[in-house]
Amino acid sequence: MMTTDSFVMPFSEGSADQKSLLGGKGANLAEMTRIGLPVPPGFIVTTDACRRYMAEGGSPAGLFDQVDAALADLEAQVGRKLGDPESPLLLSVRSGAVFSMPGMMDTVLNLGAMPSTADGLAKLGDEWFAQDATRRFLEMFGRVVLGVDAEGFDHNVEQANEAAGVASERDLTVEQLAEVVAKHRQTIADAGKELPEDPRDQLRLAIEAVFRSWNGDRAKAYRRIENIPDDLGTAVNVQMMVFGNLGDRSATGVAFTRDPATGEKVHYGDFLIGAQGEDVVAGTRAVEHIDTMGETFPHAKEELEETLDTLEQHYHDMCDVEFTIENDKLWMLQTRVGKRSAAAALRMAVEMVDEGLIDEVEALKRVTTKQLEAMLHPRFGPNAPEPITTGLAASPGAAVGKVVLTSQEAKERGNAGESVVLVRPETSPEDLEGMVASVGMLTARGGLVSHAAVVARGLGKPAVCGANELKIDAKAGTVTVNGTVIHADDIISIDGTTGQVVIGEVELEIPEDDPNVAKLLTYADKQRRLHVWANADTPEDARRALAAGAEGIGLCRTEHQFLGDRLPLIRQMILSKTEEEERAALEPLEAQQKEDFEAVLEVMDGKTVVIRLLDPPLHEFLPDPLELRLKEASEGLDADEQKLLEAAEFYHEHNPMLGVRGIRLGILRPNVYAAQVRAIIGAAVARKQAGGDPRPEIMLPLTATSQELAWGIKLIHDTAKQVIEESGVEVAYTTATMIETPRAALRARELAPQVDAFSFGTNDLTQLTFGFSRDDVEASYIPAALEQELLPVDPFRSLDPAGVGRLVEMAVTEGREVKPDLVTGICGEHGGDPDSIHLCHRVGMNHVSCSASRIEVARLAAAHAAMEVSGPGSTA
Ligand code: PEP
Ligand code: MG
């Protein structure tokens, strides 16, 4: 039993649940000892001792008395003694922090190998082994503990090799090695360092050196990256050395209980005959697969197989191990839960549920949303060259195609079957058809909620946006990146999951349709409370979303139905001068919208479809006035173009995002909204007549005041009533407002009674809360602010909990106070972001709505949120 000032614990007394005291390695060595696996005996100097060392600037009183006592027990147990000339014990002294920090801290092996113990050591192996162990010890102790430059030792070995005419120190004779040992001692003396002759002193110094390595530069940098607290300290594992290098009856290796790359339930690993662990890591000699181990080491192989099974059954997870065979006897040097690829994580989680090893909740904990995402979309393979530039990872997936610089060309060539990547400074609604026909999109400007990003996600196409190092010259047909010129028609590859852009064709990893994904998601669906809906504008989007598991449509952006060959119709409507002209122009639009809505409602039969009335400023449907002016000056304009120019200038606004859009547009052009409502209700009537179960919800965007909302709701009800009465078919519909302005959030109590639902448009809400132009800041300010740590994350990627999140929470809570059955959801791009989904869960929303390509990830994130696997800031 340990008392408060107890700093040392033998392996035989600890267990796996004491990681914070014993470190990960120590706790697992203790656990393996406890369950009877062959672990070389030893003891652990605890993290407590390290923390005291750091606090007191030296080892705490009593530490080394306890080390001496533990060492005496160890010596008695193994029948050898540290420093004993006849029968010497050698020790390994290894760091072992609570969280694995591979290679970041120090280790001393072969402690106790000195010229004075060489004869005794020779009895264990042979004289060569004795000299080699001493050489290795002096090198490690000299470098790690005494701080002697490694170069001096390297030089001694190289000189000896050269003099003997051999390629490696493995080929030196005993005498030659003994000379190297003598030279190493001299190197230490020349560096002004003193090598203690007594191995007990060496042990003390080695333990303190491991303590100090906790605060080494490498370790500190690693902790910063991995978010490991600085005050945990490391444990030190002091263990009897076993030797894989005693000749051809000895070996060393690593193994996994399952294949860490594929997750297949087969033992996997490598070994090396006549070698120590560091030789395997150095990679200088070819290793053999453990499948062949039975030929050389039949007993050890059998025992290793059993041990691997025992470990997996014991830890209920895939484990990796380091092992050594010393004269045919197997020893386990380390185990831990093994690292794995995304595919392996998924496969093992699902198969271990089937095997009864873990339950579904545990399986969900073992797959991160990042790993799931990697399983769903094509990505760059491992041999991808260095990217020429990296932009924002705007829409997941990777694509390879020829550079095309105009949407018109992308449309023509893409539709003709060519793989083209559309490269634009940014995109606008006019680019839609070109985007549909491309395999991927790359833009120089625009952020995560820019047109290109939103549309690409909706289409399920890869996109890299805001790659601001690109200089695009469409006229010259070139894209310049930091001095490198890419020409139209050159092949490029983009990865929208990482934001990387590569010149030339990158080999892609295409995920297979993995049934384990569907299985894991059925577990997720049982755990999550949040519903997952989709942002989908067309029947095709809706079908894709449904296939991915969408339970409704949370946002159908109707403006996306006004593009392509319908653009002339909406332009006609905009250009109309009188109410009659406007009505006449709206008629065909209304008819087409009705068809659109019918088709979407049919796909989503029985599920809510939230249709938003027209939102963007009208100038988005008009040509660029500057281009028309230029044309006017050079070749003149025809009558239609003249009218378009007038309209484009009339509708031009300095801040269109803050101008006539959303419900304001409806208030200025009420016939447009009325026509849309007629189309929606008309579509529902038609679906009902066809025997369907349509559930439309009509949503008003960008509301700021309760009076505006009252105006919009009255228009909806009056218009709907008329259509219903005319048709004689009783259809039900619901209403919603988007909460996109801070004022709407602040006035939730007034808005909630008027509608059935709130949908948080967090793209605009973020834009307006921060005062960040959503189309501009991500190319300029946000990267700088992230770099200078002025922002923790890009608030357009992950909902800002402290500001925007507070508004959201307040609006949910206050809205529900006045209307307890108010349905609340999110339809901004944050709806597909795992950290934001956690926030939505916490504030008690009913659903999140995201693009079809993010539905699966959202289902898993919603389950994680319900299970509290991780919160904002984590990567799960
Ligand atoms: C939003 O603002 O979050 C939203 C969903 O609307 P849009 O992106 O179309 O402005
Ligand atoms: Mg919006």
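Enter the Cα centre distance for the pair region 471-492 and region 333-406, rounded to the nearest angstrom. About 32 Å separates the Cα centre of region 471-492 from the one of region 333-406.
Across every pair of different alpha-carbon atoms, what Kirkwood hydrodynamic radius in Å does region 652-756 reach? Don't skip to the answer; put the middle values down first.
Values: mean 1/r = 0.0686 Å⁻¹.
Roughly 14.6 Å, rounded to one decimal.
Computed over protein heavy atoms with a 1.4 angstrom probe, the accessible surface ordering of LEU668, LEU376, largest first, is LEU668, LEU376.
Pick out, from MET54, GLY83, ALA72, the residue whose Cα sits farthest towards the positive end of the charge dipole of region 48-90, with +1 on the Cβ of Lys and Arg and -1 on the Cβ of Asp and Glu. The residue sitting most towards the positive pole is MET54. Centroid-to-centroid, using Cα positions, region 562-636 and region 776-810 are 33 Å apart.
Taking only protein heavy atoms into account and a 1.4 Å probe, give the accessible area per residue of the chain in Å². Before the final figure, lay out the partial values.
Working: 36260 Å² over 876 residues.
Dividing the accessible area of the chain by its residue count gives 41 Å².
For the pair GLN592 and LYS526 in one chain, pulling the backbone fully straight at 0.36 nm per residue adds 19.8 nm over the alpha carbon distance. Out of every Cα-Cα pair that the chain contains, those further apart than 54 angstrom amount to 31 percent.
Here region 182-331 has 48 percent of its accessible surface on carbon and sulfur atoms, given a 1.4 Å probe and all protein chains in place. Counting protein heavy atoms only, region 12-137 has 49 percent of its accessible area on carbon and sulfur, 1.4 angstrom probe.
Given +1 at the Cβ of Lys and Arg, -1 at the Cβ of Asp and Glu and no other charges, the dipole of region 1-123 around its Cα centre is 360 debye to the nearest 20.
Pop the C-beta distance of ASP638 and LEU791 into the FRET formula with R0 = 41 Å and round what comes out to the nearest 0.05. Don't jump to the answer; show the numbers that get you there.
Working: r = 49 Å, r/R0 = 1.20.
The value I calculate is 0.25.
Modelled spin-label separation between GLU305 and ARG566, with each label point placed 7 Å from Cα along the Cα-to-Cβ direction: 6.5 nm.
Working out 0.36 nm times the residue gap between SER780 and GLU469, then minus their Cα-Cα distance, what length gain in nm do you get to one decimal? Write out the running numbers ahead of the final one.
Values: separation 311, 0.36 × 311 = 111.96 nm, distance 1.10 nm.
Taking SER780 through GLU469 to full extension adds about 110.9 nm, to one decimal.
The Cα-based radius of gyration and maximum Cα-Cα distance (Dmax) for region 253-403 are 19.0, 63 Å. The solvent-accessible area of THR769, taken with every protein chain present and a 1.4 Å probe, is close to 50 Å².
Taking the highest mean first, how do the peptides 477-483, 320-326, 825-831, 22-28 order by number of other beta carbon atoms within 10 angstrom per residue?
825-831, 22-28, 320-326, 477-483
Computed over region 315-447, the range of Cα coordinates on each principal axis works out to 71, 35, 29 Å, biggest value leading. Can you find, among ALA784, ALA862, ASN763, the residue farthest towards the positive end of the dipole of region 725-876? Put +1 on the C-beta of Lys and Arg, -1 on that of Asp and Glu. Farthest towards the positive end: ALA862. Partners of LYS526 within straight-line reach, counting lysines whose Cα lies under 20 Å from its Cα and excluding those fewer than 8 residues away in the same chain: LYS365, LYS607. When restricted to Cα atoms, region 584-702 yields an Rg and a Dmax of 18.0, 58 Å, respectively. Using a Förster radius of 56 Å, what is the FRET efficiency between SER20 and THR705 based on their Cβ-Cβ separation? Nearest 0.05, please. Taking R0 as 56 Å, the efficiency between SER20 and THR705 is 0.55.
Between the beta carbons of GLU56 and ILE491, assuming R0 = 56 Å, the FRET efficiency works out to 0.35 to the nearest 0.05. According to the Kirkwood relation over distinct C-alpha pairs, the hydrodynamic radius of region 712-789 is 15.5 Å. The alpha carbons of region 203-296 give a radius of gyration and a Dmax of 17.7, 48 Å, in that order.
The charge dipole of region 398-487, taken about the Cα centre with unit charges on the Cβ atoms of Lys, Arg (+1) and Asp, Glu (-1), comes to about 140 debye, rounded to the nearest 20. Simple rule: put +1 on each Lys or Arg Cβ and -1 on each Asp or Glu Cβ in region 344-403, find the dipole, and look at ALA363, VAL350, PHE380; the Cα lying farthest toward the positive end is PHE380. Could you run the Debye sum over the Cα atoms of region 165-255, one equal point scatterer each and no solvent, and tell me log10 of I(q)/I(0) at q = 0.14 Å⁻¹, two decimals? For region 165-255, the Cα-only Debye profile gives -0.94.
A simple spin-label model places the labels of MET810 and ASP126 8.2 nm from each other, with each point 7 Å out along Cα-to-Cβ.
Using a simple charge model, +1 on the beta-carbon of Lys and Arg, -1 on the beta-carbon of Asp and Glu, nothing else, what dipole does the chain show about its Cα centre, in debye to the nearest 20?
Numbers: 83 positive and 140 negative charges, 442 e Å.
Result for the chain is approximately 2120 debye, rounded to the nearest 20.
Mean residue ellipticity, 222 nm, helices only, the chain: the sum of -39500 (n - 2.57) across DSSP H runs of n ≥ 4, divided by residue count and rounded to 500, is -13500 deg cm²/dmol. Rounded to the nearest percent, how much of the accessible area of region 737-876 (1.4 Å probe, protein heavy atoms only) is carbon and sulfur? Within region 737-876, the accessible surface is 49 percent carbon and sulfur. Along the Cα-to-C-beta direction of ALA261, a point sits 7 Å from the Cα; which residues of region 330-345 have their amide N less than 16 Å from that point? Zone members listed by number: 339-345.
Taking N as the number of residues in region 501-645, what is its Cα Rg relative to 2.2 N^0.38 Å? Let's see the in-between values first.
On the way: Rg = 21.7 Å, N = 145, 2.2 N^0.38 = 14.6 Å.
In units of the 2.2 N^0.38 Å rule of thumb, it is 1.49.
Note that region 38-173 shows a convex hull volume over its alpha carbon atoms of 151 Å³ per residue.
When peptides 70-76, 839-845, 736-742 are sorted by average Cβ neighbour count within 10 Å, with the highest value leading, the order is 736-742, 839-845, 70-76.
With N set to the residue count of region 455-569, report its C-alpha Rg divided by 2.2 N^0.38 Å to two decimal places. Before the final figure, lay out the partial values.
Details: Rg = 19.2 Å, N = 115, 2.2 N^0.38 = 13.4 Å.
Computed over Cα atoms of region 455-569, the ratio equals 1.44.
Mean 1/r over all different Cα pairs, inverted: what Kirkwood radius does region 284-361 give, in Å? Working shown, then result.
Values: mean 1/r = 0.0705 Å⁻¹.
This gives a value of 14.2 Å.
The Cα atoms of region 451-517 define a convex hull whose projected area, averaged across directions, is 6.1 nm².
Annotation for GLN313 and SER100: the two label points, set 7 Å from Cα along the Cα-Cβ direction, are 2.4 nm apart.
The values are calculated or read from the model by the stated rules, or taken from the named source; none is laboratory data. Here the structure is a predicted model, which means the values were calculated and not measured. Virtual Cβ from ideal backbone geometry, glycine too; neighbours counted across all protein chains shown. These accessible areas exclude ligands, DNA and RNA; they are computed on the full protein's heavy atoms, side chains included. Shrake-Rupley method; radii C 1.70, N 1.55, O 1.52, S 1.80 Å.
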